[in-house]
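Got a structure for you, written out below as structure tokens; questions coming shortly.
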Amino acid sequence: MRTTPIALACWLLPSAAVLIAYLVSAAQGQVPTCFPFIEGCTSISGAARRDPSIHVFRAMMLPTATLLAAYWLLVRAWLGHLGERGRSRDWIAVLGLVGALFMVLYVVFLGTDGRAYEFMRRFGVTVYFAFTALAQLVLASRLQGLSGPARDTVGPGVIRAKVAFGVIMLGLGLLNIPAANFFPHLPIDNAIAWNFALLMHGYFGLTAVAWQRARYRLAVQF
């Protein structure tokens, strides 16, 4: 079974869900019209929490959670195929699976009212972004430490791009701390979140390139 479509879907589905939700909300006059990656006129949650955009967002993001779970299990097997024998591939899979689980929590409680629901929503999105990005950082590190032939199989350019994405995401995460605390009147944190999500989802596209390049397949036995 081909694995590339799973990695591609992990990139394209959430990216499209976020953009479509914003465009629908903007067309309805529910959020300001801007280029959110620079202007940050609304948060991702703000763009997706109202009717009708929330239905589109949920319809696309909930299946994404299943695909993400499959992706991280495939990554674990992929690293083993590349010669990685340490426990790091187990930790990568665990981090990714936890992130996928909490993404479901975030999507389910998005748009609900009440302090308890708001806490669940914020907790869900925080764990989703943090654990997924951490899994991606560790994966990039392990790919960078592969032997020469294994690195060539993945593609040195893909590995460098994954490392670059991870470093930029880490920088954005650190930048968000002073932005949210010292400039709360400016939408800097919103713009950071939009770009962070763009990179995090794009990271899966880089995996799709590597899997397609290596013709990585999943053997299914009956």
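The values are calculated or read from the model by the stated rules, or taken from the named source; none is laboratory data. No experiment lies behind these values; they were computed from the predicted model shown. A quick note on method: Cβ atoms are made from the backbone with ideal geometry, for glycine too, and the neighbour counts reach across all protein chains shown.
Of the residues Arg151, Arg122, only one is in a helix (DSSP H, G or I), at pLDDT below 95 and within 21 Å of Thr66 (Cα to Cα); which?
Numbers: Arg151 fails: within 21 Å of Thr66 (Cα to Cα).
Result: Arg122 is the single residue among Arg151, Arg122 that is in a helix (DSSP H, G or I), at pLDDT below 95 and within 21 Å of Thr66 (Cα to Cα).
Okay, next question. If I go through segment 1-40 residue by residue, how many of them are outside any loop (DSSP other than H, G, I, E, B), of a type in the set (S, T, N, Q) and under 19 Å from the mean Cα position of the chain (by Cα)?
Qualifying residue count, segment 1-40: 2.
Please state which one of Leu206, Leu199 is under 19 Å from Phe35 (Cα atoms) and at pLDDT 95 or above.
On the way: Leu206 fails: under 19 Å from Phe35 (Cα atoms).
When all the criteria are applied, what remains is Leu199.
May I ask you to verify whether Gly96 is within 21 Å of Ile192 (Cβ to Cβ), in contact (Cβ under 8 Å) with a residue 12 or more places away in the chain, out of contact with any strand residue (DSSP E or B) (no Cβ under 7 Å at 6 or more places or on another chain) and in a helix (DSSP H, G or I)?
Values: within 21 Å of Ile192 (Cβ to Cβ): no; in contact (Cβ under 8 Å) with a residue 12 or more places away in the chain: yes; out of contact with any strand residue (DSSP E or B) (no Cβ under 7 Å at 6 or more places or on another chain): yes; in a helix (DSSP H, G or I): yes.
Considered against the rule, which asks whether it is within 21 Å of Ile192 (Cβ to Cβ), in contact (Cβ under 8 Å) with a residue 12 or more places away in the chain, out of contact with any strand residue (DSSP E or B) (no Cβ under 7 Å at 6 or more places or on another chain) and in a helix (DSSP H, G or I), Gly96 comes out as no.
Shifting gears a bit: Here are Leu101, Leu105: which of them is in a helix (DSSP H, G or I), within 26 Å of Arg2 (Cβ to Cβ) and touching a residue at least 12 places away in the same chain (Cβ under 8 Å)?
Leu101
Every residue in segment 147-162 that is without any contact (Cβ under 8 Å) to a residue 60 or more places away in the chain and buried (at least 16 other Cβ atoms within 10 Å of the Cβ), please. Don't jump to the end; show me each part of the working.
Quick first cut of segment 147-162, residues without any contact (Cβ under 8 Å) to a residue 60 or more places away in the chain only: 148-149, 151-152, 155-162.
Arg151, Gly155, Val158, Ile159, Ala161, Lys162, listed by residue number.
Could I ask something else about it? Can you tell which of Phe102, Phe119 is on the phi < 0 side of the Ramachandran plot, among the aromatic types (Phe, Trp, Tyr) and surrounded by fewer than 18 Cβ atoms within 10 Å (Cβ to Cβ)? I'd like the intermediate steps shown before the answer.
Details: Phe102 fails: surrounded by fewer than 18 Cβ atoms within 10 Å (Cβ to Cβ).
Answer to the selection: Phe119.
Determine if segment 52-75 includes at least one residue that is surrounded by 19 or more Cβ atoms within 10 Å (Cβ to Cβ) and not in a helix (DSSP H, G or I).
no
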